[in-house]
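Working notes, structure below.
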Amino acid sequence: MSERQETEKANRWPERSLVQWGFVLTLGREPQVMTHQLIKTAALARSPCISPLGLPHPSGSPTRLVATTVLLCMLLDPVILQTLGHQDLTTVEGFPSLNMKFDSRRMELSWDCKENTTYLECVMIHKEKGPIEIMLKENECHCKFPDYSLHEGVTFMVKVNSIQRPIPETLVYTNSGGKGTAAQNFSCFIYNANFMNCTWAKGQAAPDDVQYFLYIRDLKYRRERECPHYLEDSGTHVGCHLEDLSGLAYYNYFLVNGTSQRTGIQFFDSILYWKKIEIYSPPNNISVHCNVSHCLIQWEKPVTRHTLSNREFKYQLDIQRLKNKEHSGNQLIEVSGNWENKYNFPSPEPRAKHTVKIRTSDARIQRWGSWSQPVEFETPAKHQSWVSFLLMKRNPFIPRN
């Protein structure tokens with residue numbers, strides 16, 4: 001196990017399978033020439049694009065026109081790109097490659113600068129976010145994208161303005177490994193301000209010897225670390241417990257990848273905002289002070305991962321009236337946070353024994369935390385007798401118990 005884990009640490013970030021315009025970059029494999037006939041056959045068999053035979057025929061080689069047109073369709077067709085991902089292709093004749101490269105850690109796309117070429121923009125086509133366009137400055141041969149998850153694959157495209165390059169160049173970043181082998185049902189939550197648990201399940205198609213590893217990178221300082229304490233199920237890592245959250249920023253990148261002796265394991269990644277995954281503790285110092293007609297319930301905001309104003313909280317009060325040790329009444333009351341954090345509960349004397357417990361949520365993201373311990377309040381026995389005596393003197397028709 002230690003040997004496998006060391007191997008994983010040496011290559012902790014997901015293996016890149018990059019399908020570039022006209023050819024594929026695959027580690028450890030030599031490229032093979034892709035002929036025009038192969039391009040034409042693959043495209044006509046699978047591409048939904050319009051046949052190039054129906055287009056106008058300018059002067060020049062009709063064979064090259066067919067190959068170029070079909071290649072354009074293939075670059076825009078994810079099904080074709082998936083097919084090409086299993087082949088090693090060299091640059092199509094007549095179009096020199098930009099040698100595009102993508103750094104997943106830095107989310108940076110770069111390429112070789114060419115003379116007499118103006119680079120207009122670079123685009124990342126994300127399955128969930130759609131196209132993200134970055135306008136380029138003059139003579140700029142790289143662009144940096146915002147942080148997004150990559151496990152579903154993305155397509156990059158550089159648009160150029162050059163006589164020698166009439167079409168954009170495309171690069172596909174794919175999630176290599178067996179389909180269905182990645183960790184699934186991934187989730188994390190912060191609790192008690194200083195602890196975090198992350199859990200996931202074994203991929204449906206993952207082999208029995210799969211082992212998963214979790215890596216976390218904060219997106220502010222780009223610091224990386226591996227899970228310090230794994231949770232296991234039959235020897236397989238299915239969760240992580242962290243007691244030191246000092247390295248976490250507001251946004252953090254989570255990567256779960258894996259190893260197996262039988263097949264390649266796909267990775268899963270996600271970007272989580274701490275405020276959306278923190279479950280707030282119950283409020284502090286709950287107190288109840290009663291007068292003849294009301295009971296004033298007060299509390300203090302809970303301790304959270306980062307300091308928040310009172311208005312960023314919402315509270316829910318559960319007030320129970322107890323009779324013969326059973327609940328005879330119940331009402332849930334929501335109160336917006338403010339600098340006082342109080343609620344006036346109408347409760348005229350003599351009052352039976354009540355309990356109140358409170359839980360907390362974010363004011364914008366409703367995710368309720370756990371309930372506080374119940375706090376009891378009632379009219380004291382001596383006071384209750386005195387109140388009953390006064391009521392009877394004022395109204396002699398009140399029957400005695």
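Since every read-out is calculated from the coordinates, none of them should be taken as a lab result. Please read these numbers as outputs of a predicted model, since none were measured by experiment. Cβ sites come from the backbone with ideal geometry, for glycine too, and all protein chains shown count toward neighbours.
Computed quantities for the displayed model
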item	result
Protection proxy ranking, peptides 131-142, 239-250, 198-209, 267-278, average beta carbon neighbours within 10 Å, highest first	267-278, 198-209, 239-250, 131-142
In order through segment 223-231: 3J(HN,Hα) via Karplus (6.51 cos²θ - 1.76 cosθ + 1.60), integer Hz, x for Gly, Pro	7, 10, 7, 8, 4, x, 9, 7, 9
Net charge contributed by nearby residues that have their C-beta within less than 12 Å of residue 202 (K/R +1, D/E -1)	-4
Long-range amide H partners of residue 264 with built H, under 5 Å	178
Out-of-range pairs (alpha-carbon distance over 19 Å; input 159/220; 101/144; 101/159; 127/179; 301/357; 275/342)	159/220; 275/342
Paramagnetic reach from residue 303 in segment 180-202 [backbone N under 18 Å; point 7 Å along Cα→Cβ]	190-197
